[in-house]
Amino acid sequence: MVNSSGVNTSILHHAVLAVANGVSVLVCLLAAILLCCLKLYKKIVYRLALYQVLSALAMASVGAAMGVVFINYDESPTIYGRVCTAIGFLEVYTEWTKLLFTMWVTFHLFCFAVLHKNLKKLEVLYVVTSLLVPALIAIVPLVTHSYGLNSDGDVCYIYANTSVAFIERLALWDGPAMLILIAASTAMVVMVTKLTIQVCRRSKYEPITDGDQFTKALKQVLPLAAYPILFFIFEIPVFIFHVYTTQHSTPNEKMYIAYVVCFALWSASSGATVIIHMSVVRICGRRRKPKKLHILNFMYAE
């Protein structure tokens, strides 16, 4: 398809998809390498962050591959149709993996900061559910033969060309994702609010040590709050695009570009947040470690 400027929109869409997700791959790869080089994976909070980055890396890799592989889709629709099914399955799987790891990071931090419970023994549960549950969900469209190209003919996903198919996609991704992300964002707001109140009331603690320690804790936790909040923000344009493709067969180039950029930012934000988080914590860590603050003890816990 050629737009009014004489540009092949299919090639343009695939180029944007490949480049945007390619940048996300590099950001997530850098974050993962830094985590490993600094050996921060020995601490649970960084292992949870590493799981986030790896799931985002996988999601961005699938998106980048989609942009490169399907440039010549029209030449061999039969062969590419099968590949599209596989890509769609991987897309749903990696998105759900990223979503569940986001949920568990939020749950873990909320329980520690608000409920004062350290649930690091549940790490195995976090990993197992985040890897197995997405597979069960991604199999459903595979059984119902619902994977295919969207109305723009550029993205392999749950093909919601009918109201029934849209309900399936709403039930398998958009609906649960919005609910989980709203709950996770709310939990992070509550957690940050509580820490902020503790900082504001620092006069009740020792003026030099405890108050300053709570301030440091707030600075360390704030970057982690970005996971669910940014994910929620970037999901909104994606949800709007999914609704639009169900109701309109004519592609909307600007909406598609916004969809691709937000999709890529899901992954890139995870890597960028980890890099920022590591920088803040290591700067704070150069100072004398506090003895009494629970949050900082958690951050440095083995």
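Just so you know, all these numbers are worked out from the coordinates, no wet-lab data involved. Since we're looking at a predicted model, the values are computed, not measured. Cβ placement follows ideal geometry from the backbone for every residue including glycine, while neighbour counts extend to all protein chains displayed.
Things worth noting here:
- The distance between label points at Thr129 and Leu142 comes to 2.3 nm (points 7 Å beyond Cα on the Cα→Cβ vector).
- Modelled FRET efficiency - R0 35 Å, Thr196 with Ile236, Cβ distances, 0.05 increments: 0.85
- Remark: segment 22-135 is approximated by an ellipsoid whose semi-axes, taken from the C-alpha gyration tensor as √(5λ), come to 33, 17, 9 Å, largest first.
- Ordering of 136-148, 57-69 by packing [mean C-beta count within 10 Å, highest first]: 57-69, 136-148
- Cα pair distances exceeding 14 angstrom across segment 97-156, given as percent: 66
- FRET efficiency for the pair Ala171 and Glu253, taken as 1/(1 + (r/R0)^6) with r the Cβ-Cβ distance and R0 = 25 Å, rounds to 0.30.
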